[in-house]
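*Asks:* I have a structure I would like to understand better, so I am pasting it below and will then ask my questions one at a time.
Taken together, the values in this text are just the output of simple stated rules run on the coordinates, not laboratory data. Quick caveat: nothing in here was measured; it's all calculated off a predicted structure. Virtual Cβ from ideal backbone geometry, glycine too; neighbours counted across all protein chains shown.
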Amino acid sequence: MEYLIGIQGPDFVLVAADNVAASSIIQMKHDYDKMFKLSEKILLLCVGEAGDTVQFAEYIQKNVQLYKMRNGYELSPAAAANFTRKNLADYLRSRTPYHVNLLLAGYDEADGPGLYYMDYLSALAKAPFAAHGYGAFLTLSILDRYYRPDLTREEAVDLLKKCLEELNKRFILNLPSFTVRLIDKDGIHDMEKLPVGSK
Amino acid sequence: MFVVSWTPLMPPAHALTHQMRWDTCGGQHRSLTEIVLFIFFSPLGSAAEKTECQLFSLQLSPVCHLISNPFSYHTVPQLWVLYFGMTRASCKGLICCPISQKIMPIHSHLVVNISGSGADCMLWERILTCEMRLYQLRHRKRLSVNGAAKLLSMMLHPFKDQNTKNVLSTFGGRSGPRVCYVCSDGLQLKGEMISVGSGSPYAYAVLDDGWRWGMTVDEAVALAREAVFRATHWDAYSGNNVDLFHITAHGWRRRDREDLKEEGRKYVFINCISTKKLNSRQYNAFFQINICNHRLNKLDFP
């Protein structure tokens, strides 16, 4: 139902998430933001079960900010990803596991851009491109085919548009618009909502 | 799902408002009056005839709707939220109470609309009222609606398997009008127009058609009545009267319950092009369904 996608370039990470907040068969909101800003250069994209997403993502968000307050510097994306994974793993075998699928995208001064794929079973993998949701079945091959490690920003956006076209064509559900953000050394940049012209 | 083309052909809401008695919330400024509109829907003719039409119903309880309009072009720009819902409480196929109150004011600027399991919803209303009052006493200011929604969401989190859907609406001092949807499964949304409950798909269809940024209160009330009417028509778990609350910076106002049963029967199957009332033959042709003649004769058409 929900769709997340991330593409890592040489010095940026491009992420997109759909904007639909659904409750059974009804789209309750068309402009719902599924991205949570963990720090100036880290974004957490979170989909999954209804309440778990916000609860878990905000928990991680507040803890990352707490770390910054206590220690004076921010967590790196790798550290934040591993912290998130540890929390998911701890809750996995408790009475209240969180059923959330995550993409964590960030830019580190030392390591450069990073995209981390996380599962509800607390799997963690650093990947050049990743997608979550049913839409991933349709778009991972496109990413496979056209991805290069030295993509420019425009090429990455074109690749993203190709993926979204494929979704529009073949995915049974209607996902009218997507929030797109780009993370680079200057922080998080909001990009135009895709498809262009959608409300 | 059955889709009916329609135009709002009910008499304009303002014609009815003058006949209404206005109640206002206690102890607050009262320059704006509340609008509570009750529509009593009864099946066409007797109850048996209604089963000719397909009824789609979900397993939840009645419908509640909200419209929020932060700006009105035609009058003095004022911020308001219109809250409307109906009053049927059902229990496994029986109507427990046709006049229950589902919209509950928490305080002068916060109103809660409930759907789902009635007992759970009422409990959480009371708990929320307590917590809001405690917050107000401790911090000397009212909790914002986002804060109230967050609080309710956190309180509901351990009880995820309950079937409770609450919708909060308030008018905050600096934040303006807000509509929040809080569900027991954890979904929390802020929006401009939210409808919950079993009849909500039918209501959404009508509301999406007519809602726009910058409606006047009268337009919104007319739209609200139409939406609830359509929903109560198609949904088995929705019906009886309709409540309408109007929340502005001065607090909430409610309107007396009103019986729109006669209007409903006249206008329900109206042709979208024609503005005339249909006689039974036109009704039959419009719907293209076969109704036995003897049943048709029993239907009381004007």
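*Asks:* Tell me, in nm to one decimal, what length is gained between A:Tyr59 and A:His30 on full extension, where the rule is 0.36 nm per residue of separation less the Cα-Cα distance?
*Replies:* Here the segment from A:Tyr59 to A:His30 would lengthen by 8.0 nm.
*Asks:* Calculate one ³J(HN,Hα) per residue across region A:179-186 by plugging θ = phi - 60° into the Karplus curve 6.51 cos²θ - 1.76 cosθ + 1.60, and present them in order as whole Hz with x for glycine and proline.
*Replies:* With the stated coefficients, region A:179-186 comes to 7, 10, 9, 10, 10, 9, 5, 8 Hz.
*Asks:* Now for a separate question. Under a plain spin-label model, where a point goes 7 Å from the Cα along Cα-to-Cβ, how far apart in nm are A:Tyr73 and B:Asn146?
*Replies:* Once both label points are built, they end up 3.2 nm from each other.
*Asks:* From Cα pairs below 8 angstrom and at least 6 apart in sequence, can you work out the relative contact order of region A:90-162, rounded to a whole percent?
*Replies:* It comes to 18 percent, rounded to a whole number.
*Asks:* Return the FRET efficiency for the residue pair A:Asn82, B:His157: r is the Cβ-Cβ distance, R0 is 30 Å, and the value is rounded to the nearest 0.05.
*Replies:* Once rounded, the FRET efficiency stands at 0.70.
*Asks:* Pulled fully out, how much extra length does the chain show between A:Ala127 and A:Ser141, if you take 0.36 nm times their separation in residues and subtract their Cα-Cα distance?
*Replies:* Once the chain is fully extended between A:Ala127 and A:Ser141, it gains 3.6 nm.
*Asks:* Can you count the Lys pairs in region A:18-172 whose Cα atoms are under 20 Å apart, with each pair 8 or more apart or on different chains?
*Replies:* 13
*Asks:* Hey, another quick one. If the label point is 7 Å along Cα→Cβ of A:His189, which residues in region A:99-126 have backbone nitrogen under 20 Å from it?
*Replies:* The answer is A:105-115, whose backbone nitrogens lie closer than 20 Å to the label point.
*Asks:* Just the number: Rg to Rh for region A:4-195, Cα atoms, Kirkwood Rh, two decimals.
*Replies:* For region A:4-195, the value is 0.95.
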